[in-house]
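Accompanying notes for the structure given below.
The values are calculated or read from the model by the stated rules, or taken from the named source; none is laboratory data. Every value quoted in this text rests on a predicted model; they were computed, and no experiment measured them. Here the Cβ positions follow ideal geometry from the backbone for every residue, glycine too, while neighbour counts run over all protein chains shown.
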């Protein structure tokens, strides 16, 4: 029992730390290596390469007709449905990406070397800065049609959802227990069968948890991606996001209220109808045989399991699924191959290295050629300086949020009745994008002539602070009872209780939340450093505002530079601060 | 005996009652009317099966839990919360993983505000006393289970408590390590090297209690109360093989297997009480195994429980529920520390699988009202299905939700083995076999 006691704690922890960010962090490397460099170059080479295509495309788009957004709330259900469909389309795309990309990365030693660093870089790139550019790119694929705009919005949401899901699957595939793998191989399951019978079920709990996080994160991008302004042109798709944008434009406070309400309803609906049943269902894929603390089955799952019609439908779908996934596609393991494959061929390695080197070299050439064409060193210096401003903002606000929320979250986490109610509320709050709070801030700043550099700053953590809240609540709730009893028995109280008992106990949870919050805050700065309410526009100094302005002016070179600098900041942040912190937390606070 | 009363009373528990409140106003009694007196220079063991409330009582003594009713006094003063005179050793060790051995040991001193220099000196003494010298800077995860529990002991001893509380301190350790720790602790105690006045320990290991304690309180479950109190008259060091030692162990087995007044319901049940007989989670394989063992030489149908426990490497905590369930199913009888095979049990042991299942089904329907009732409901229903919820609710009227769940799980396992019904976990309902037929019937 004693040794067992520490283990469930760790397991529960790993349940809540299935975020992409920490998956990246658990990979163990701290300093960038040659593969990271190749990854960075490849990502930016791709971006720059595509950016060449874009300027020409602008011209054609001028005539594109887009919907007029009505602020009448009766239109909202329709807009909400459109937005929700977009989010689920993006989720489907993310799943497809996850199953292909993460699987390839986990199965191929060579691909893994490049693909995982690429994923890490992609995760750090503030895609929000590229919104305009991806929109224009997709619209140029479908000139004169709204399909391009739809695809662009879906792509933007996809970029906010896919990376952590892919990391989650990759991590699960890499940590598959050896005995299960051996069992699958000894029964000669083909690679296809093994994937669906063993690997996907094993990865399911983590994957579903990450899908939930991704849906929350996606809202931020919905609001930004449905209404795009480049220079004088504005394109709008029918949806909650463009409804919000229109309301902001027309100073319609009622509209903002209705949009918040609609979002709340949508979030509540997909949470109740989809994610709660999915989470409960996925718990059967947990490998530990000991039953965890199980809550009541969600009502939807009950309905599906107990009504005859739903059961019949479910059985049908399940039967078809199990037929397809049971096909003997792919190759069965053969003894000879398994042994021969172990060494890997030297020639293959060399060829692979040459290809990676060639891609990297081409990327360097592309980037240098593109950036030197329009920008000089002074631009880099300016971007870096603005990056420092934004970094100060992020750090300061994270510190404030920590000081404010950690004690409250611990208090809540130690009271199960409260934690049960507050936890979903915090996850709910995390989904609300900063744009919705623009009116309050802009009006206050304009009315009282406040300094935007200071007073716009809170917008950065408005959505992201909740990640700290719900992770710390989870940490405090999982804090072992016997350790609390020790503290009480030895009458440890006051500051000593925080310092010696509680803070170290929640530290890994805090770091998990802080990583997500910090990454999100950088991304949010692009939206939060420039706020507008009708004709009033307030702007702070920072890299986010730099990117937002460059975007509005259609200055692609500056967008690329700004995003590159921001990615560099985020990457260095992750490698220099969060990764060592997380490693330390895991090393020190578990008995395993 | 008289010398004991000369010693000062350290701690006094009177009429202690602990109940957990339930929604439907039926309180669940965990402890009922418990008396406990602890005097200086004695080791007292609370012996009982899991769920008998002995750990709850220990937490009440430590001031970690407030009793529903009753009076707890430490040196005459009422206990209202954790106080300086006690320190606890946990079954799970409960070391803070982020503190080193010496930091863990210093925890209690730091909380008392002892200056750093003295803190370090006392921690060093405790660490050396308990045999941890050289491990001061290690983190708990670098230590083996035995070493971790030594840290737990040092941490408790360093605050010089009057009363040392130990909650199943050795049950998470392997046999050899546990024995080493026990003898080390008893040696230090008899040599007077421990800075404590008395020890209260919780255990479910009869031999451990007889080996260490001066006084043993045997707990009875459901609700927990002191069923029996006995003195251990042997001087330390004690010899497990001493006939007097063995005799005492046998006696305690007899006490623990004795049918307690109020649990006679097995023989003369009221319908409601019989329905709600708690079923211990004892698997059919384990039952078959024990029946076969009993039927075979050297036992030939009758075995002495302590000897059986030793040869099968089963703890009382495992053997007693097993015996009781066999008794419930009329396969065996428990009597004064012995277990005796009934003719039915003998027949079971010598049958093949099919016949065993038949015997099992018959005896289940005859002796386990819960299972009989599930089957009856299924037979009566036209669609031969019944939700498990109603049975769980009915059980919860007279036992805690955890007990109800465990009982129902056991019923499911037994019913499945006997092929009396099937259980669909996802739908949480019982069904008769051949669901296709049932489908057609309605």
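Tabulated results
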read-out: Which listed residue is in a helix (DSSP H, G or I), more than 24 Å from the chain's Cα centre (by Cα) and at pLDDT below 90, from A:426, A:417; value: A:417
read-out: Counted residues, region A:187-234 - those being within 13 Å of residue A:150 (Cα to Cα) and surrounded by fewer than 24 Cβ atoms within 10 Å (Cβ to Cβ); value: 1
read-out: Enumerated helices (runs of 4 or more DSSP H) restricted to region B:2-118, each holding at least 2 residues that are away from chain A (no Cβ under 14 Å) and at pLDDT below 90; value: B:2-6
read-out: Candidate set: region B:127-165, residues that are free of Cβ contacts under 8 Å to residues at least 12 places away in the same chain and part of a loop (DSSP other than H, G, I, E, B); chosen: the one farthest from the other protein chains (Cβ to nearest Cβ); value: B:133
read-out: Selection count where residues are more than 14 Å from every other protein chain (Cβ to nearest Cβ), surrounded by fewer than 19 Cβ atoms within 10 Å (Cβ to Cβ) and either touching a residue at least 24 places away in the same chain (Cβ under 8 Å) or on the phi < 0 side of the Ramachandran plot (or both), scope region B:166-193; value: 14
read-out: Some residue of region B:303-320 being modelled with pLDDT of 90 or more, part of a helix (DSSP H, G or I) and crowded, with 17+ Cβ neighbours inside 10 Å; value: no
read-out: Condition check for residue B:345: under 21 Å from residue B:204 (Cβ atoms) and in contact with a strand residue (DSSP E or B) (Cβ under 6 Å, 6 or more places away or on another chain); value: no
read-out: Which numbered condition residue B:102 fails, given (1) more than 26 Å from the chain's Cα centre (by Cα); (2) without any contact (Cβ under 8 Å) to a residue 24 or more places away in the chain; value: (2)
read-out: Only listed residue being in contact with a strand residue (DSSP E or B) (Cβ under 9 Å, 6 or more places away or on another chain) and without any contact (Cβ under 8 Å) to a residue 24 or more places away in the chain, chosen from B:63, B:70, B:113; value: B:63
read-out: Enumeration of residues in region B:322-346 that are surrounded by 20 or more Cβ atoms within 10 Å (Cβ to Cβ) and part of a helix (DSSP H, G or I); value: B:322, B:323, B:324, B:325, B:326, B:327, B:345
read-out: Single residue of A:183, A:152 found to be in contact with a helix residue (DSSP H, G or I) (Cβ under 9 Å, 6 or more places away or on another chain) and crowded, with 23+ Cβ neighbours inside 10 Å; value: A:152
read-out: Considering residues of region B:194-213 that are within 14 Å of chain A (Cβ to nearest Cβ) and outside any loop (DSSP other than H, G, I, E, B) only, the residue modelled with the lowest pLDDT; value: B:203
read-out: Candidates A:277, A:205, A:238 - the one that is in contact with a helix residue (DSSP H, G or I) (Cβ under 8 Å, 6 or more places away or on another chain) and in a loop (DSSP other than H, G, I, E, B); value: A:238
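To keep it simple, each residue is scored yes or no on (1) in a helix (DSSP H, G or I); (2) modelled with pLDDT under 70; (3) within 14 Å of chain B (Cβ to nearest Cβ).
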position	(1), (2), (3)
A:3	yes, yes, yes
A:41	yes, no, no
A:46	yes, no, no
A:52	yes, yes, no
A:60	yes, yes, no
A:81	yes, no, no
A:90	yes, no, no
A:94	yes, no, no
